[in-house]
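Encoded as structure tokens, the structure appears first; notes follow it.
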Amino acid sequence: MSLTEEIARRRTFAIISHPDAGKTTLTEKLLLFGGAIHIAGAVKSNKIKKTATSDWMEIEKQRGISVATSVMGFNYGDYKINILDTPGHQDFAEDTYRTLTAVDSVIIVVDVAKGVEQQTRKLMEVCRMRNTPVIIFVNKLDREGRDPFEILDELESELKIKVRPLSWPINIGAKFKGVYNIYEHSLDLFTPNKQKVSERVEISSLDDPRIDESVGETDAAKLREDLELIEGVYPEFDEHAYLAGEVAPVFFGSALNTFGVKELLDCFVRIAPSPRPVTTEERMVNPDEEGFSGFVFKIHANMDPNHRSCIAFVKICSGKFERNAGYKHVRSGKVMKFAAPTAFMAQKKSIVDEAYPGDIVGIPDTGNFKIGDTLTSGELLHFKGLPSFSPEMFKYIENTDPMKSKQLEKGIQQLMDEGVAQLFVNQFNGRKLIGTVGQLQFEVIQYRLLHEYGAQCRWEPISLYKACWIESDDAEALAAFKKRKHQFMAVDREGRDVFLADSGYVLTMAQQDFPKIRFHFSSEF
Ligand code: G4P
């Protein structure tokens, strides 16, 4: 197969949702259709249960599971599908944001009873920033929930994207009878079953009496009425608008009962984009270019504390990746050879000889890689779009074992390279400050420093609202700002200026009083 054909058949995407909407269940059902697993229940949920904030076994278990399910590749018909898993717990939101930079499209799962929830809203913002094409799956139709029209309105207003239903439910909850597939003009009847696929009725048109025979006259009449309304209210599905991230097709179903999932998958492989051109600081990189390029979007530390090896996850952006070929690690300028890159197929890791744009390869590493690093056939390229976001929780980190300060230093460095949290140095008192998006990270850092590096630390509280990057074209204005706020100035690991605002009010006032200063809430500007 040619490079162009390999690219055209790849679909690399993530499923995102608020915890409990059904992401794990849907993932599992997609794997079931792809033949990657044979029974339901094979995919472990990678959720950290809410009670687990101090349950270390749970976190370790989670790390193990999430290596196995980080990337799930399988073939479906002519297509090669790569599902990138994202952590369920909101304290790991930053990981999820980064994973979203490595996908070409996204499926959002929404619970029909709960509608759009907080984390879905946040993740959608990230998709919107990158114009990622989005398909929405409204789940749990077998349970009592909200009116589908109401859900569509909520999706539009809360997720700030136009929607277009491509399937439509016939009742919900106990009276749920099935969905009408608008995209393919067929009727799928609901039979609750966790392992099997539902029954399909082929119909010639909406007037086909088989609809009445299958769901009864009353529901058939209601369906016709609903569909008429949909055709009146929502414009025809426009594939280009979907690919531009302007409109999201919506499917209804029940992941647990494997209902509506095949419809979703069949439509997905047809309309979802194959790997798209990627922006670098230097130029646009097209997937079908001959030269290889890829970037590290995730680093996973090994479970074995005695061997501090990691797996760097590289998303291939262009050309063909080959085992043992020498590739340039752009940040260090070194040429590296990878003898044991792994591919992720059907939840198994195996050594891979070649891989194509859209694929993810895992590269065993002993601390050479950092999130955002680029590998190429030789060209100097820097991929964009892997920002760190303003952290919202802060603590000073203090060494409690002076004999182990080197280990602590190294541990902090590597954990920051992995993207676990962000390190700042307060310019006023020279102290190291760790910023995270969730409380859990502090516990993870302390635990891992001890278990993987033999270093001990303690946390000292500091009350801060937000850290934001600042810059200005006016050197004098910048100097004046830094002087006035000298107690609240820090630098990040790249040496860039960061303002530590101790309240929302202080930040707003600073923005008002210093109009020549630009405040950035993500590290990429
Ligand atoms: P998540 O990854 O998005 O967090 O959600 P997950 O798939 O783990 O699903 C959350 C809960 O919702 C699970 O129940 C799951 O069985 C249930 N669920 C998923 N899809 C459907 C559906 O279509 N209908 C119904 N009725 N339930 C659904 P749980 O009790 O939390 O877990 P479990 O013990 O069943 O695994």
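Of the solvent-accessible surface of region 141-276, computed with a 1.4 Å probe over protein heavy atoms with every protein chain present, carbon and sulfur atoms account for 50 percent. With 0.36 nm allotted per residue and the present C-alpha distance subtracted, the Asp20-Lys516 stretch has 174.1 nm of extension available. For the chain, the longest principal axis of the C-alpha atoms and the axis of helix 405-417 are separated by about 30°.
Can you give the local net charge around Ala339? Use residues other than it whose beta-carbon is closer than 13 angstrom to its beta-carbon, Lys and Arg +1, Asp and Glu -1. Cβ neighbours under 13 Å give a net charge of -1.
Would you please name the GluC sites (Glu not before Pro) within region 325-427 that are DSSP coil residues with at most 14 other C-beta atoms within 10 Å of their C-beta?
Sites meeting the loop and neighbour criteria: Glu392.
If you take all other residues with their beta carbon under 9 Å from the beta carbon of Arg431, and give Lys and Arg +1 and Asp and Glu -1, the sum is -1.
Peptides 447-460, 240-253 ordered by packing proxy, namely the average of other Cβ atoms within 10 Å per residue, highest first: 240-253, 447-460.
Taking the charge dipole of the chain about its Cα centre, with +1 at Lys and Arg Cβ atoms and -1 at Asp and Glu Cβ atoms, the residue from Leu30, Ala102, Thr436 reaching farthest to the positive side is Thr436. Would you mind counting up the charge near Ile15? Only other residues with Cβ under 11 Å from its Cβ, with Lys and Arg at +1 and Asp and Glu at -1. In short, 0. For region 278-376, the calculated P(r) over all alpha carbon pairs, in 10 Å bins from 0 to the bin holding the longest distance, is 16, 51, 29, 4, 0 percent.
Full extension of the segment from Glu471 to Ala340, taken as 0.36 nm per residue of separation minus the current Cα-Cα distance, would add 42.9 nm.
Against the main long axis of the alpha-carbon atoms of the chain, helix 217-233 sits at an angle near 50°.
Relative to the longest principal axis of the Cα atoms of the chain, helix 439-453 runs at roughly 60 degrees.
Per residue, what accessible area does region 393-520 have, given a 1.4 Å probe and all protein chains present, in Å²? Please report the intermediate quantities before stating the final value.
On the way: 6200 Å² over 128 residues.
Solvent-accessible surface per residue comes out at 48 Å².
Scalar couplings 3J(HN,Hα) for region 513-520, obtained by applying the Karplus form with A = 6.51, B = -1.76, C = 1.60 to θ = phi - 60°, are 6, 10, x, 7, 9, 9, 9, 10 Hz; x denotes Gly and Pro.
The values are calculated or read from the model by the stated rules, or taken from the named source; none is laboratory data. This structure is a prediction, so every number in the text was calculated from the model and none was measured. Note that we place each Cβ from the backbone using ideal geometry, even for glycine, and neighbour counts take in every protein chain shown. SASA here: full protein model, heavy atoms, side chains in, ligands and nucleic acids out. Shrake-Rupley method; radii C 1.70, N 1.55, O 1.52, S 1.80 Å.
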